[in-house]
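> Please read through the structure below; I'll follow up with questions.
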Amino acid sequence: MRSIIVAGNWKMNMDPQSGARLAAGILKGLEKKPAGCVVILFPPSVTIPAVVETVEGSQIGVGGQNLYFEESGAFTGEISAGMLKGAGCGYVLVGHSERRHIFGEDSELLARKLRAALDSGLAPVLCVGELLDQRESGDAEKVVRDQLGGVLEGIDDRELTRVMIAYEPVWAIGTGKTATPEDAASMHAVIREWISSSFGDDAAEEMTIMYGGSVKPHNAATLLSEQEIDGALVGGASLEAASFLDIIRSV
Ligand code: PGA
């Protein structure tokens, strides 16, 4: 049985005070009615300690949105996997499309980040997804397979059990356009096939593949009812406790 995960990617929103308030609101909702899935929050780095403190002892996990692959040293502005762990994180996003496209992160860099996350005991969520023109030209599947291969190469079977994947078509992120449940499910099947051919059927069966890209309370239930979709990575709708809790409840 693979884990079902609903995760909130707060991006560059929520300072420590507002982040703690949001986390407390989510926690309160889950105390009333526990989630039937794993819930993870990805606050900005400076807000991580406040969120960790707020959710301590609860079922809510906390992760970083990014990391650098070195352990420490002269890398001004960067944060290591060990620092995230030390701050109380259990997870980290690797290769979010905003990291790939705004900050120019390529597969070689992302592979090193994934390696650092695994070596330090964090569970990485590897994000993959195609641009609109890549989908329109029929290259979406190839792009996603290349992204998987470029980052997961060199990972062994045991390590893979700690990796989760988020399929986030770039054209659906923050745009209000959602992939249809069928389109999303069919790309999830492509991802699962790729995992199966590289790591075997059991690994593919166990792999949690979340969908991300304009997941909202009104469309979450239909997306999550797809057998292939094992949860959601939520941006905009995770910034309010009520809408995030609605999405959690639709699992
Ligand atoms: P969105 O963001 O839900 O605002 O589209 C999703 C993401 O980027 O993870």
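The values are calculated or read from the model by the stated rules, or taken from the named source; none is laboratory data. Fair warning: this is a prediction, and the values are worked out from it, not measured in the lab. Cβ sites come from the backbone with ideal geometry, for glycine too, and all protein chains shown count toward neighbours. All accessible areas refer to the heavy atoms of the entire protein, side chains included, with ligands and DNA or RNA removed. Shrake-Rupley method; radii C 1.70, N 1.55, O 1.52, S 1.80 Å.
> Consider residue 168 carefully, then state whether it is within 16 Å of the ligand (Cβ to nearest atom), modelled with pLDDT of 95 or more and in contact with a Gly (Cβ under 9 Å, 6 or more places away or on another chain). If you could, list the steps in order and put the result at the bottom.
Working: within 16 Å of the ligand (Cβ to nearest atom): yes; modelled with pLDDT of 95 or more: yes; in contact with a Gly (Cβ under 9 Å, 6 or more places away or on another chain): yes.
Judged against the criteria, residue 168 is a match.
> Can you spot a residue in the stretch 28-40 that is open to solvent by 10 Å² or more (accessible area, probe 1.4 Å) and under 18 Å from residue 124 (Cβ atoms)?
yes
> Does the stretch 1-25 hold any residues that are open to solvent by less than 10 Å² (accessible area, probe 1.4 Å), within 16 Å of the ligand (Cβ to nearest atom) and touching a helix residue (DSSP H, G or I) at 6+ places or on another chain (Cβ under 6 Å), and which are they?
Passing the criteria: 6, 8.
> Among the residues that make up the stretch 186-199, is at least one of them at negative phi, among the aliphatic types (A, V, I, L, M), touching a residue at least 60 places away in the same chain (Cβ under 8 Å) and away from the ligand (no atom under 14 Å from the Cβ)?
yes
> If I filter the stretch 200-215 down to residues being within 16 Å of the ligand (Cβ to nearest atom) and not in a loop (DSSP other than H, G, I, E, B), which single residue comes out as farthest from residue 238 (Cα to Cα)?
209
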